[in-house]
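> What follows is a structure written as structure tokens; I'll ask about it next.
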Ligand code: NAD
């Protein structure tokens, strides 16, 4: 079976789905690998490196797609006018990429109508067996690291303490809201940059992890732990949310850098930083909001823009992992090859819909939407 890697078409996407090291593992499993020429260039991987590992280079998209059984990508197919990526696929081909099926019903319906078997890298179940496939985690790690660097870069001051002949510089204070995968990496990075770090999360379970990174965990008087069975946060009651806002307000006025990462799966992001809180911060302070795609954690966030309010900069980057494309691609490549090899038997795709990973990630198959949560979101039944 031919596995093909397409170049990314969106202007802000610099990652590639497969790095040269990944070619080797697929070839060893009896697969043929084809790379669209230049697909890895922006991430730092040349065609020649893929060839050395046993891939063939396809001069363009149609050559890459010709005869391909599986197509690997990072971003979901671009359906914008002039870039009909779904239209280029043929019935019976399989696509593995990010798809956001719960929020992109039109794309899902088009993939089903085209007869494409699609797998969403953002729907990998969070079970031990699938940890090496977990692209949300790998990319959240990259985003958390880059958010701390980006914030530091926009600050008007140092983060570390300095003792110089020209005086002693006190360390900057960073506040991280949401201590999941991205938040923990942001804490670790801000600490490495020398900041004094405080963090808050509604899930009490993360206190120990936050403290082990050398940060202070801010505790609110929560009635019950806000963690669901899957390890994710639940939406808070109004009263609980108010307590959380009071806690944040009492600490944020002395923060130089605030990084927010709080998300609730399938829900809009909770607002944790209000306009009044921004106005309590010193001019020159920076907020990096990683929840911009789901509405933002800061009331003043505008996704993809830099807002300056009373001298405080609020950044809501759209695709931070793509700003470190080399390692983000390396990690994504490991995730996607692990999933693909799990789906392949004797060189061909072999799908067992009783398997938690197949049922959790396969969105369309045989001309239909087959993913229970997506069907439920579309109002067409299925059980989540
Ligand atoms: P996420 O991106 O959904 O959310 C980020 C963080 O925001 C979470 O820690 C969440 O608790 C927090 N948050 C939500 N609402 C908040 C609020 N109102 N105030 C403050 N914080 C709030 O989560 P994530 O980073 O993807 O991970 C969530 C959990 O899943 C973690 O426990 C993580 O360890 C776990 N996880 C498990 C696996 C696995 O088992 N394979 C893989 C990855 C992550």
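> Within region 206-221, which residues are touching a strand residue (DSSP E or B) at 6+ places or on another chain (Cβ under 9 Å) and either away from the ligand (no atom under 14 Å from the Cβ) or part of a loop (DSSP other than H, G, I, E, B) (or both)?
211, 213, 214, 215, 216, 218, 219, 220, listed by residue number.
> State yes or no: is residue 264 touching a strand residue (DSSP E or B) at 6+ places or on another chain (Cβ under 6 Å), within 10 Å of the ligand (Cβ to nearest atom) and without any contact (Cβ under 8 Å) to a residue 40 or more places away in the chain?
Details: touching a strand residue (DSSP E or B) at 6+ places or on another chain (Cβ under 6 Å): yes; within 10 Å of the ligand (Cβ to nearest atom): yes; without any contact (Cβ under 8 Å) to a residue 40 or more places away in the chain: yes.
Yes, satisfied.
> Counting residues that are surrounded by fewer than 22 Cβ atoms within 10 Å (Cβ to Cβ), which strands (runs of 3 or more DSSP E) fully inside region 238-335 reach at least 1? Don't jump to the end; show me each part of the working.
Details: elements: 257-260, 286-289, 306-309, 312-315.
The qualifying strands (runs of 3 or more DSSP E) are 306-309, 312-315.
> Another question about this same structure. Give me the pairs: first residue in region 220-249 and within 25 Å of residue 126 (Cβ to Cβ), second residue in a strand (DSSP E or B) and within 10 Å of the ligand (Cβ to nearest atom), beta-carbon distance under 6 Å, and six or more apart or on different chains, which are they?
Going by the 6 Å Cβ cut-off, the qualifying pairs are 226/233.
> Given (1) surrounded by fewer than 16 Cβ atoms within 10 Å (Cβ to Cβ); (2) assigned to a loop (DSSP other than H, G, I, E, B), identify the lone condition not met by residue 27.
(2)
> Still on this structure, please answer the following. Tally up the residues in region 307-362 that are in contact (Cβ under 8 Å) with a residue 24 or more places away in the chain and under 15 Å from residue 133 (Cβ atoms), please. Give the derivation first.
First, the residues of region 307-362 that are in contact (Cβ under 8 Å) with a residue 24 or more places away in the chain: 309-344, 346-349, 351, 356-357, 360-362.
Subset that is under 15 Å from residue 133 (Cβ atoms): 330-344, 356-357, 360-362.
The number of residues fulfilling the criteria is 20.
Every number in this text was worked out from the coordinates using simple rules, so none of it is lab data. Small disclaimer: the values here were computed from a predicted structure and weren't measured. Every residue, glycine as well, gets a Cβ built from its backbone with ideal geometry; the counts of neighbours run over all protein chains shown.
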